[in-house]
Amino acid sequence: MLEQVCEFLSSGIPTEMGLECISVNLSVLQCLQPDFVKRVMAITKKYEVDSKYINFEITESAAASDYDVLSDVLRELRRCGFLFSLDDYGIGYSNVRSIFSLDFDVIKIDKSILWEVHMENEENTSNGHIILENSVRMLREMKLKILVEGVETADQL
């Protein structure tokens, strides 16, 4: 998939359309492969793509599985200029350790939290608001970018 993304980036279309970067899912299994970082760099070099245009997304549950491996790979890729997002924050393990340990640029709050806010049951709505508002406040104070997934209506926005 990374090769296809790099080929698309090298076409110039994303830049013309004003895209800042393209996200690519990254799994722990991929990070465990020998010479993973070298292969990533070879692909970006082949297409002459600046690494700042690629944002690797890691799901929260995957991030919780092996901090040591992910931390080493992310650190090496970050030195090369890649961006990183933590996807599905707020479901699964919801472990804040991943935010501290893995140095993400963007935290993507899972849509289930937003949708909980907009359920008809007032008790759930109140709890949902508390969770969403405090998560956003915490992440802003940490100077992280936040993306809340699942916004479909003006009210949700």
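The table below lists the values:
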read-out	value
Per-residue SASA entry for Ser51, accessible area with 1.4 Å probe, Å² rounded to 10	10
Computed accessible area, Val117, all protein chains, 1.4 angstrom probe, square angstrom	10
Whole-number Å³ per residue for the convex hull built on Cα positions in the chain	120
Proximal lysines relative to Lys52, as straight alpha-carbon distance under 18 Å, when same-chain residues fewer than 8 apart are discounted	Lys38, Lys145
Distant-in-sequence amide H partners of Thr59 (H built 1.01 Å from N, under 5 Å)	Leu26, Asp87
Nonlocal amide H pairs with Val148, under 5 Å, H built at 1.01 Å	Ile109
Å² per residue, accessible surface of the chain at 1.4 Å	60
Per-residue HN-Hα couplings for segment 130-147 [Karplus 6.51, -1.76, 1.60; θ = phi - 60°; Hz; x = Gly/Pro]	4, 5, 5, 4, 6, 5, 4, 4, 4, 5, 5, 5, 7, 6, 9, 6, 10, 10
Proximal lysines relative to Lys143, as straight alpha-carbon distance under 16 Å, when same-chain residues fewer than 8 apart are discounted	Lys108
Accessible heavy-atom area order of Asp72, Asp88, highest first, probe of 1.4 Å	Asp72, Asp88
Protein-only accessible surface order, largest first, of Thr59, Thr15 at 1.4 Å	Thr15, Thr59
Rounded tilt (10° steps) of 36-46 against the dominant C-alpha axis of the chain	70
Helix-only [θ]222 nm of the chain, DSSP H runs n ≥ 4, -39500 (n - 2.57) each, per residue, nearest 500	-14000 deg cm²/dmol
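The values are calculated or read from the model by the stated rules, or taken from the named source; none is laboratory data. Note that this is a predicted model, so its numbers are computed, not measured. The area values use the complete protein model at the heavy-atom level, side chains included, leaving out ligands, DNA and RNA. Shrake-Rupley method; radii C 1.70, N 1.55, O 1.52, S 1.80 Å.
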